[in-house]
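Inspection log for the structure reproduced underneath, given as structure tokens.
The values are calculated or read from the model by the stated rules, or taken from the named source; none is laboratory data. Small disclaimer: the values here were computed from a predicted structure and weren't measured. We place every Cβ from the backbone using ideal geometry, glycine too, and count neighbours over all the protein chains shown. The protein model used for the area step is the full one, side chains on, heavy atoms only, and it has no ligands, DNA or RNA in it. Shrake-Rupley method; radii C 1.70, N 1.55, O 1.52, S 1.80 Å.
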Amino acid sequence: MKGTPLASVVPSDKSPTVQLYGLDLLRFLAAILVMVYHLTYDTWADPRLRRTDGGITFGVYRYLEQYTGSGWIGVQIFFVISGFVIAYSANGKDAWNYGASRFLRLVPGLWVCAIVSLPFLIVSGVPLSRMAISFVNTLLIQPFGPHVSSAFWTLPIEIAFYATMSLLIIIGKFQRIQTYGIVLGSISSLFWMLHVFLDDKLGLRHVVFGMNPATQLLLFQHGCFFALGILMWLGTQVGWNLIRMTGCACLMITGVVAIFGEVDKSYLWTSIRHSPLVPTTIWLGALVTIFISATYNIHVVRLIGNQKRIVKVLGLTTYPLYLIHQPVGIWLAYSCLKRGIEPLPSLIIASVASIGIAIWVATVLEPRLRGWMSSWLNHIRSKLPAESILFRKGKLVELG
């Protein structure tokens, strides 16, 4: 998925970059985790849905909860990948080119997915007034919702991270990205340590550490994942040193603490207990995959062989799949179940159809809108003074 978490490998003007096919596969698998989680767990475990017709219908997947109830960990994987990819896609770029590349990776796909979702929301019976509000909120990336899909909550967080990277470039301090990663990670680590050790006599923990837009947009909750991605990029592409190795180790510990916190938050919300070991193991495995993909990319390329085009398309598909799998997949799975189709075939039909539509968006619809938006941005750029700080290139971090 080359955007939002969902970040893409976008070559900078001068910095040498290569396609990391291992990351393409990893982000696609992370999107599959999130999709299956939403289709087989969140649809009935959400307390607001349990007594509804949909919640009762999707309750047939309750037997899978120990396997799919931890699929939310795909989001934390996305955030680490974003930290890694955004760091080297910003390397050597000016603020305008960096911002334009992020805009073109994020907005066209978002708008197309919002439009594609509308027919499925209509047939799902969503009230037109709520659907209209959700649609406008989605197009404007309004951080507080409602949106056409609950998965959109991560996009404002991604944009907040992008904005901090833009600021580094504008002030000419991109070469201090290691310091930025350490500071961001330290603040997030402090946040999660407070979560662990805070005396909760006043019952404030869930209020402060739940789905709090303020702590999310300030990157308190998820900054540790972005920071870990940054330090992993520096280590694998520039070179490892004591600071980077120690930073990664500390942020891995914080990441595990954050995952345990997410499991605790899920229990408070659903009253369903899950072991934190499952999402932790998946997340740590993803970190190993990122390290291997970045360090031994030439071997990964040889292993993939003639399938590079397919892997690249899967990587591109991740972003739209993440955005549309709820309105598309939930309606399809519900329709199949209501027609007496067995749960597993219903899940397969909904998943394959969601992936197919996501491929159509990624390869046909989104590129067309992106081309129009790119021309529009080029027109705006031609009107800006050449001496604008937006065209001041960040200092290139020399790669090893």
- Item | Residues (over 21 Å from the mean Cα position of the chain (by Cα) and in contact (Cβ under 8 Å) with a residue 24 or more places away in the chain) located in segment 239-279 | Gly239, Ile243, Arg244, Gly247, Cys250, Leu268, Trp269, Thr270, Ser271, Ile272, His274
- Picking from Ser388, Ser354, Ser382, Ser375, which residue would you name as being touching a helix residue (DSSP H, G or I) at 6+ places or on another chain (Cβ under 7 Å) and of a type in the set (Ser, Thr, Tyr)? Ser354
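The rows are residues; the columns are (1) under 27 Å from Gln76 (Cα atoms); (2) hydroxyl-bearing (Ser, Thr, Tyr); (3) touching a Gly at 6+ places or on another chain (Cβ under 9 Å).
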| residue | (1), (2), (3) |
| --- | --- |
| Gly109 | yes, no, yes |
| Gly125 | no, no, no |
| Asn137 | yes, no, yes |
| Ser150 | yes, yes, no |
| Pro156 | yes, no, no |
| Ile159 | yes, no, no |
| Ile170 | no, no, yes |
- Item | Residues of segment 43-72 satisfying the condition of being among the hydroxyl-bearing types (Ser, Thr, Tyr) and in a helix (DSSP H, G or I) | Thr43, Thr57, Tyr61, Tyr63, Tyr67, Thr68
- Item | Yes/no for Ile187 being more than 21 Å from Val75 (Cα to Cα), open to solvent by 70 Å² or more (accessible area, probe 1.4 Å), assigned to a helix (DSSP H, G or I) and without any contact (Cβ under 8 Å) to a residue 60 or more places away in the chain | no
- The lone condition Val364 fails out of (1) part of a helix (DSSP H, G or I); (2) in contact with a helix residue (DSSP H, G or I) (Cβ under 9 Å, 6 or more places away or on another chain) is (2)
- How many residues does segment 281-307 hold that are under 19 Å from Ala227 (Cα atoms) and either without any contact (Cβ under 8 Å) to a residue 40 or more places away in the chain or more than 23 Å from the chain's Cα centre (by Cα) (or both)? 3
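Is it the case that Ile170 is open to solvent by less than 50 Å² (accessible area, probe 1.4 Å), closer than 17 Å to Asn212 by Cα and aliphatic (A, V, I, L, M)?
For Ile170, the condition - open to solvent by less than 50 Å² (accessible area, probe 1.4 Å), closer than 17 Å to Asn212 by Cα and aliphatic (A, V, I, L, M) - is not met.
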- Message: Based on this model, can you work out whether Leu314 counts as in a helix (DSSP H, G or I) and buried (at least 19 other Cβ atoms within 10 Å of the Cβ)?
- Response: yes
- So, of the residues in segment 353-363 that are more than 18 Å from the chain's Cα centre (by Cα) and open to solvent by 50 Å² or more (accessible area, probe 1.4 Å), which turns out to be nearest to Asp24 (Cα to Cα)? Thr363
- Query: What helices (runs of 4 or more DSSP H) completely inside segment 197-309 contain at least 2 residues that are at pLDDT 95 or above and surrounded by fewer than 17 Cβ atoms within 10 Å (Cβ to Cβ)?
  - Reply: 242-270, 277-295
- Task: Please indicate, with yes or no, whether at least one residue in segment 324-333 is out of contact with any strand residue (DSSP E or B) (no Cβ under 7 Å at 6 or more places or on another chain), without any contact (Cβ under 8 Å) to a residue 40 or more places away in the chain and open to solvent by less than 20 Å² (accessible area, probe 1.4 Å).
- Result: no
- Message: Given the condition open to solvent by less than 40 Å² (accessible area, probe 1.4 Å), not hydroxyl-bearing (Ser, Thr, Tyr) and not in a helix (DSSP H, G or I), answer yes or no: does some residue in segment 101-124 qualify?
- Response: no
- Failed criterion for Val60 (all others in (1) under 24 Å from Pro367 (Cα atoms); (2) surrounded by fewer than 19 Cβ atoms within 10 Å (Cβ to Cβ); (3) at pLDDT 95 or above; (4) not hydroxyl-bearing (Ser, Thr, Tyr) hold): (1)
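Residue-by-condition table, conditions (1) at pLDDT 95 or above; (2) closer than 24 Å to Leu332 by Cα; (3) open to solvent by 10 Å² or more (accessible area, probe 1.4 Å):
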site: His38; (1), (2), (3): yes, yes, yes
site: Gly54; (1), (2), (3): no, yes, yes
site: Leu64; (1), (2), (3): no, yes, yes
site: Gln76; (1), (2), (3): yes, no, no
site: Phe84; (1), (2), (3): yes, no, no
site: Gly92; (1), (2), (3): no, no, no
